[in-house]
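The values are calculated or read from the model by the stated rules, or taken from the named source; none is laboratory data. The structure displayed is predicted, hence computed values, not measured ones. All Cβ positions, glycine included, derive from the backbone under ideal geometry; neighbour counts span all protein chains shown. Quick note on the areas: whole protein, heavy atoms, side chains included, nothing else; ligands and nucleic acids left out. Shrake-Rupley method; radii C 1.70, N 1.55, O 1.52, S 1.80 Å.
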Amino acid sequence: MENSIQLGRVMGIPIRLHVTFLLIIPWVAYLFGSVNATVFGKLYGFGAVEPPVIRWAYSLLFAVLLFVCVGLHELGHSYVAKRYGINIRSITLYFFGGVASMEEIPRNPSMELRMAIAGPAVSGALGVISILLYTQSEPMLGVGHPFSILLWTLGIMNIILMIFNLIPAFPMDGGRVLRAWFSTRMPYVVATKNAAALGKIFAVFLIFLGLFTLNFLTLIIGIFLYIAASEEDRSTTIADSLRGIKVKHIMSNDVRVVPPEMTLAELMRLMFYEKHRGYPVMVGDALVGIVTITDLQRVPEHLRETTRVGDVMTRNIYVIGPDDEATAAIKIMGDKKIRRLPVIEDGRLVGIISREDLLRAIELCSDVRL
């Protein structure tokens, strides 16, 4: 993922840190280093801790631990997903929290319910453990000791994280629980639309709350939730419209290929004539690359007469089979940021499927199923 740093792997899942995360850690540390409050009669925040160097050291440690807890929350979802055979591509920590990237969201209500509950359950368990540790440390260290404050504040924040994520606003965990419940009573796509509609209402509320209180974080979370709910609604509708459609049903069979020896000037004239934006590159019957208009545009015009396709083509090729689902092609194109996929059967190029082919199929299938 662009703009992210991989920290390592847990359960075989890449754990990534988005650059925005580096901005939120100091902000959270500053916020809790300035807070001097009580929750249920216990000190919450490090504002009263002296000397200042200890205060800011503990508040920074708290900020790091809080987002470790966020990562464990996402690992809770991922653990259950992997138990059901669902592959987790990565977990990324953003400034607003963590996101587990799954290859698919199960349509089985019971399965989705267990996956959705797992994250808040981890947060709740972490909160209870932190509070129990506080009850053990407080008599020994004292109420005002920064380590006691750390445990109590971390416990309260994890409980808040659990409660917030259980709000029935899609695509938050509570919204996924709601969709699982809806899908036992109506078609999955309708359940998604209803859950997404409630999620958007909650997102709009957060956006207005952020605007009126001038709270930047609340505003951004509201915008993110609105976009995420809309995207999930859209992707579910697309997947439903293409249900049962194979790549072979919509691919182009008559594939125009080019050799690696072709010059870019010749390729440009071919693109003008045939109105294609990319071509497979073949040596005999072997597919050796893909060349696109983007590859061509990277080369200055005065060098195109002497530069050959083989010099600029993309050699890292993603392919798909004719019997694969059309939705699999959408996922690959979206994940890899590409516009076309060669279709390979028994080692032979039998077709090509483009983003335009998929959009046309979505439009036709949506009309037929309305």
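Of all residues in segment 355-370, which are open to solvent by 60 Å² or more (accessible area, probe 1.4 Å) and of a type in the set (A, V, I, L, M)?
Scanning segment 355-370 gives LEU359, LEU364, VAL368, LEU370.
Kindly list the number of the only condition in (1) open to solvent by 20 Å² or more (accessible area, probe 1.4 Å); (2) at pLDDT 90 or above; (3) touching a Lys or Arg at 6+ places or on another chain (Cβ under 8 Å) that fails for ARG277.
(2)
Can you pull out every residue in segment 5-20 that is touching a residue at least 12 places away in the same chain (Cβ under 8 Å) and aliphatic (A, V, I, L, M)?
Residues satisfying the conditions are ILE5, VAL10, MET11, ILE13, ILE15, LEU17, VAL19.
When segment 208-248 is examined, which residues are found to be farther than 30 Å from VAL28 by Cβ and not in a helix (DSSP H, G or I)?
LEU242, ARG243, GLY244, ILE245, LYS246
Please state which of the following conditions PRO260 fails to meet, knowing it meets all the rest: (1) closer than 24 Å to ILE320 by Cβ; (2) without any contact (Cβ under 8 Å) to a residue 60 or more places away in the chain; (3) part of a helix (DSSP H, G or I).
Tallying (1) closer than 24 Å to ILE320 by Cβ; (2) without any contact (Cβ under 8 Å) to a residue 60 or more places away in the chain; (3) part of a helix (DSSP H, G or I), PRO260 fails exactly one: (3).
Can you tell me how many residues within segment 210-236 are within 21 Å of LEU359 (Cα to Cα), under 14 Å from the mean Cα position of the chain (by Cα) and open to solvent by 40 Å² or more (accessible area, probe 1.4 Å)?
Adding up the residues that qualify gives 3.
In the set GLU232, GLU261, which member is of a type in the set (D, E, K, R) and under 23 Å from LYS331 (Cβ atoms)?
GLU232
List the pairs whose first member sits in segment 234-253 and is closer than 15 Å to PRO322 by Cα, whose second member is surrounded by fewer than 20 Cβ atoms within 10 Å (Cβ to Cβ) and among the basic types (Lys, Arg), and whose Cβ atoms are under 8 Å apart, counting only residues at least 6 apart or on separate chains?
ILE250/ARG360
What number of residues within segment 189-209 are touching a Lys or Arg at 6+ places or on another chain (Cβ under 9 Å) and surrounded by fewer than 20 Cβ atoms within 10 Å (Cβ to Cβ)?
Residues that pass the stated criteria total 1.
What residue, of TYR84, TYR79, TYR134, is in contact with a Ser or Thr (Cβ under 7 Å, 6 or more places away or on another chain) and among the hydroxyl-bearing types (Ser, Thr, Tyr)?
Going through TYR84, TYR79, TYR134 in turn, just one is in contact with a Ser or Thr (Cβ under 7 Å, 6 or more places away or on another chain) and among the hydroxyl-bearing types (Ser, Thr, Tyr): TYR134.
Can VAL80 be described as in a helix (DSSP H, G or I), of a type in the set (Val, Ile, Thr) and either farther than 28 Å from THR184 by Cβ or free of Cβ contacts under 8 Å to residues at least 40 places away in the same chain (or both)?
Yes, satisfied.
Of all residues in segment 51-83, count the ones that are open to solvent by 30 Å² or more (accessible area, probe 1.4 Å) and aromatic (Phe, Trp, Tyr).
Selection size over segment 51-83: 3.
Please tell me if ALA361 is at pLDDT 85 or above, in a helix (DSSP H, G or I) and under 28 Å from the mean Cα position of the chain (by Cα).
The answer is no for ALA361.
Please state which of the following conditions LEU154 fails to meet, knowing it meets all the rest: (1) under 23 Å from the mean Cα position of the chain (by Cα); (2) crowded, with 21+ Cβ neighbours inside 10 Å.
The number of the failed condition is (1).
All but one of (1) modelled with pLDDT of 90 or more; (2) within 23 Å of MET172 (Cα to Cα); (3) crowded, with 19+ Cβ neighbours inside 10 Å hold for ALA125; which doesn't?
Every listed condition holds for ALA125 apart from (3).
Can you tell me which condition GLU112 does not meet? The list is (1) of a type in the set (D, E, K, R); (2) open to solvent by less than 40 Å² (accessible area, probe 1.4 Å); (3) not in a helix (DSSP H, G or I), and all the others hold.
Status for GLU112: all satisfied but (3).
With the checklist (1) within 25 Å of MET111 (Cα to Cα); (2) modelled with pLDDT of 90 or more; (3) surrounded by fewer than 21 Cβ atoms within 10 Å (Cβ to Cβ) in hand, flag the one item VAL177 doesn't pass.
Condition not satisfied by VAL177: (3).
Return yes when ILE149 is open to solvent by 40 Å² or more (accessible area, probe 1.4 Å) and not hydroxyl-bearing (Ser, Thr, Tyr) and no when it is not.
no
Please go through segment 1-50 and give me each residue that is part of a strand (DSSP E or B), of a type in the set (S, T, N, Q) and either surrounded by 15 or more Cβ atoms within 10 Å (Cβ to Cβ) or under 19 Å from the mean Cα position of the chain (by Cα) (or both), ordered by number.
SER4, GLN6
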